[in-house]
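Visitor: Sending over a structure as structure tokens; questions will come in a sec.
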Amino acid sequence: MWNEFFTDQVVVVAGGAAGIGGAAVIVFARAGAITVILDYDDVAGQGLADQLTGEGYRAFFRHCDVSSETEVTGAFDWVETHCGPPDVVYANAGVEWTKDVRHTSLDEWNRVVAINLTGVFLVSRAALLSMCPRNKGAIVVTSSPHALATVPDAGAYAASKGGAHALVNALALEGAPFGVRVNGIVPGTIDTPMVRREAEAARDPEAQLAFMVLAHPLGRLGQPNDVAQVALFLASPLASFVTGAMYAVDGGLMAALPAGPAMTYNAE
Ligand SMILES: NC(=O)c1ccc[n+]([C@@H]2O[C@H](COP(=O)([O-])OP(=O)(O)OC[C@H]3O[C@@H](n4cnc5c(N)ncnc54)[C@H](O)[C@@H]3O)[C@@H](O)[C@H]2O)c1
């Protein structure tokens, strides 16, 4: 079914070398799209592009640090020249941050904001500049539950994601008169290299992973493909009346309040 929508469409995924972005590149490529991975991890990015090309799909890699205006502009120029104007852009690149505010230096703060928020601005701006004149296109942004509620040691991450979350509304309003749709995804804990790094950094990685699972009413971590499938839907004509929306792909995480044993009122 997806091939009907995406064959020969140009799809750019920022932060597409691994994790959620990597899964998105795979589903779009399998749906017939010409996919472009933008990432600052050259080995993983080129590796995924080579793997997909070897399987008969169309995938390209361009080095791009999303926090660099020159690199983002250069990457989108390359896409226009070599693949054609982008039909779908997924602003997904992001980095984790697990320190409280008192122990976060200004340089550390600036780096997290530069990638997680300014990166979304730069990638989405390039997308809108190309899409609006053509009255066509869809942009997807990866937000986070930390945009809405957070933990004590993630101040810079929460602030950066809160900014990206709010930016989706502004981008959706700006794109709407041109028929360009912009939506966000709020993933729960997804089993990616980022989450594995976070768990490893905990005092007890096994216990940390078990706790992460428990926090999700569906009883498991999300898989990158769970998020990629929703990105595919949001970018497709099936979502033609969806813009400015935030889609939770979180196994029920944000539906739940913390509850102790005494909160079980109906014994079964
Ligand atoms: N994994 C989760 O549980 C989870 C939950 C909520 C939100 N998110 C968000 O989802 C997105 C993807 O997360 P993930 O878990 O797949 O992470 P990941 O670390 O597994 O993969 C992120 C990818 O982005 C790339 N990247 C990072 N900084 C970049 C930069 N400056 N320029 C270009 N590429 C860059 C990395 O090289 C990597 O390929 C991030 O924005 C993250 O904040 C993740």
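Just so it is clear, none of the values below were taken in a lab; they were calculated from the coordinates. These numbers come from a predicted model, not from an experiment. We place every Cβ from the backbone using ideal geometry, glycine too, and count neighbours over all the protein chains shown.
Visitor: Answer yes if at least one residue in segment 3-22 is farther than 23 Å from Gln223 by Cβ and free of Cβ contacts under 8 Å to residues at least 12 places away in the same chain, and no otherwise.
Guide: So in segment 3-22, the residues farther than 23 Å from Gln223 by Cβ come out as 4, 7-10.
Filter once more, so that each one left must be free of Cβ contacts under 8 Å to residues at least 12 places away in the same chain: 4.
The answer is yes; a qualifying residue exists.
Visitor: Sticking with this structure for a sec: Considering every residue within segment 228-242, establish whether at least one is among the aliphatic types (A, V, I, L, M), surrounded by fewer than 19 Cβ atoms within 10 Å (Cβ to Cβ), within 15 Å of the ligand (Cβ to nearest atom) and not in a helix (DSSP H, G or I).
Guide: Checking segment 228-242: not a single residue is among the aliphatic types (A, V, I, L, M), surrounded by fewer than 19 Cβ atoms within 10 Å (Cβ to Cβ), within 15 Å of the ligand (Cβ to nearest atom) and not in a helix (DSSP H, G or I).
Visitor: If we keep just the residues of segment 135-159 that are in contact (Cβ under 8 Å) with a residue 60 or more places away in the chain and of a type outside the set (Phe, Trp, Tyr), which is nearest to the ligand (Cβ to nearest atom)? Spell out how you get there, then give the answer.
Guide: Taking segment 135-159 and keeping what is in contact (Cβ under 8 Å) with a residue 60 or more places away in the chain, we get 138, 140, 142-143, 145, 148-149, 157.
Narrowing the set further to residues that are of a type outside the set (Phe, Trp, Tyr) leaves 138, 140, 142-143, 145, 148-149.
Details: Ala138: 18, Val140: 11, Thr142: 4, Ser143: 7, Pro145: 6, Leu148: 11, Ala149: 13 Å.
Looking at residues that are in contact (Cβ under 8 Å) with a residue 60 or more places away in the chain and of a type outside the set (Phe, Trp, Tyr), I get Thr142.
Visitor: Considering only residues that are aliphatic (A, V, I, L, M), over 19 Å from Gly74 (Cβ atoms) and part of a loop (DSSP other than H, G, I, E, B), which ones fall in segment 9-51?
Guide: Once the filter is applied, which keeps residues that are aliphatic (A, V, I, L, M), over 19 Å from Gly74 (Cβ atoms) and part of a loop (DSSP other than H, G, I, E, B), segment 9-51 yields Ala18, Ala31, Ala33.
Visitor: Please enumerate the residues belonging to segment 148-162 that are within 16 Å of Pro187 (Cα to Cα), in a helix (DSSP H, G or I) and of a type outside the set (A, V, I, L, M, F, W, C).
Guide: Tyr157, Ser160, Lys161, Gly162
Visitor: Follow-up. Report every pair of residues separated by at least 6 positions or lying on different chains whose Cβ atoms are under 8 Å apart, first residue within segment 237-252 and closer than 19 Å to Pro145 by Cβ, second among the charged types (D, E, K, R) and not in a helix (DSSP H, G or I).
Guide: These pairs meet every condition: Gly251/Arg220.
Visitor: Limited to segment 28-54, what total is found for residues that are more than 9 Å from the ligand (Cβ to nearest atom), surrounded by fewer than 20 Cβ atoms within 10 Å (Cβ to Cβ) and either closer than 14 Å to Asp65 by Cα or β-branched (Val, Ile, Thr) (or both)?
Guide: Residues meeting the conditions: 3.
Visitor: What number of residues within segment 161-190 are in contact with a strand residue (DSSP E or B) (Cβ under 7 Å, 6 or more places away or on another chain) and closer than 28 Å to Trp97 by Cβ?
Guide: 14
Visitor: Run Gly74 past the list (1) closer than 27 Å to Pro237 by Cα; (2) not in a loop (DSSP other than H, G, I, E, B) and report the number of the one that doesn't hold.
Guide: Going through the list (1) closer than 27 Å to Pro237 by Cα; (2) not in a loop (DSSP other than H, G, I, E, B), Gly74 breaks only (1).
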